[in-house]
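Here the structure comes first, spelled out in structure tokens, and everything after it is commentary.
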Amino acid sequence: MHARFPDFRLGKVLATSFTATLTERRGDAVERIPTPHRLVDWLAVNGLAVESCTTAQLELARELRESIHAALTAAAIRDPLPASAVHVINDCSTQGRAAAILTPESNRQWRLSSASCVEDALGVIAADAISIIAGERDGKLALCASPTCQAAFFDTSQSRTRRWCDMNTCGNRQKKARFHANQRKNAAG
């Protein structure tokens, strides 16, 4: 019998989707890449297919994820970037060997140096994080308003006023809690 893994929280921004492989960081944390095979699955879903992943590569991926999260959080609240996070992100970016290629449908696709190189995929993720933190993309870094989440996300909405990293999870949970609190208040009053 196979263990049921939590679903991936997919978004349109690679680096923040990657940090969402660990959710509810300030509550009961949910690890969405608990095994090397699960990282292979996540990379494939995000256009960075690799053949395999070792435990050491999974640990490197988690180190990159946490470094990106720390740097995005610092950038969102305009704090200095943690030097250790910058070091990990830069190392992963320079170690990866991936090339952007153009598909006939006018989409960008990543070609990794070999089909089984997790480090190449991590280099793409690190480069995406760098472009966000450096302000090279149109959008605004923000932190999720959910007290148990606090995930950094990249707001590309027209007004740049999004409050939740994901409306279907954090936003709905908060709206539901507010609705139930109002119902209890009205029932008591």
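Listing for the model above:
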{"item": "Rounded to the nearest 10 Å², the accessible area of Ser113 at probe 1.4 Å", "result": "60"}
{"item": "Accessible area (Å², 1.4 Å probe, nearest 10) - Glu63", "result": "90"}
{"item": "Diffusion constant of the chain at 20 °C, which comes from Stokes-Einstein with the Kirkwood Cα-pair radius and 1.002 mPa s, µm²/s", "result": "121"}
{"item": "Set of lysines with alpha-carbon distance to Lys140 below 19 Å, sequence-local pairs under 8 removed", "result": "Lys12"}
{"item": "Accessible area, probe 1.4 Å, largest first, for residues Lys140, Lys176", "result": "Lys176, Lys140"}
{"item": "Surface accessible to a 1.4 Å probe, Val30 within the full protein complex, Å²", "result": "40"}
{"item": "Under 20 Å from Lys176, Cα to Cα: aspartates and glutamates that are on another chain or at least 8 residues apart", "result": "Glu24, Asp28, Asp166"}
{"item": "Efficiency of FRET between Thr161 and Ser52 - r from beta-carbon atoms, R0 41 angstrom, step 0.05", "result": "0.45"}
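The values are calculated or read from the model by the stated rules, or taken from the named source; none is laboratory data. Note that the structure is predicted; figures quoted are calculated from it, not measured. Note that each Cβ is placed from the backbone with ideal geometry, even for glycine, and that neighbours are counted across all protein chains shown. What goes into the accessible areas is simple: the full protein's heavy atoms, side chains included, and nothing from ligands, DNA or RNA. Shrake-Rupley method; radii C 1.70, N 1.55, O 1.52, S 1.80 Å.
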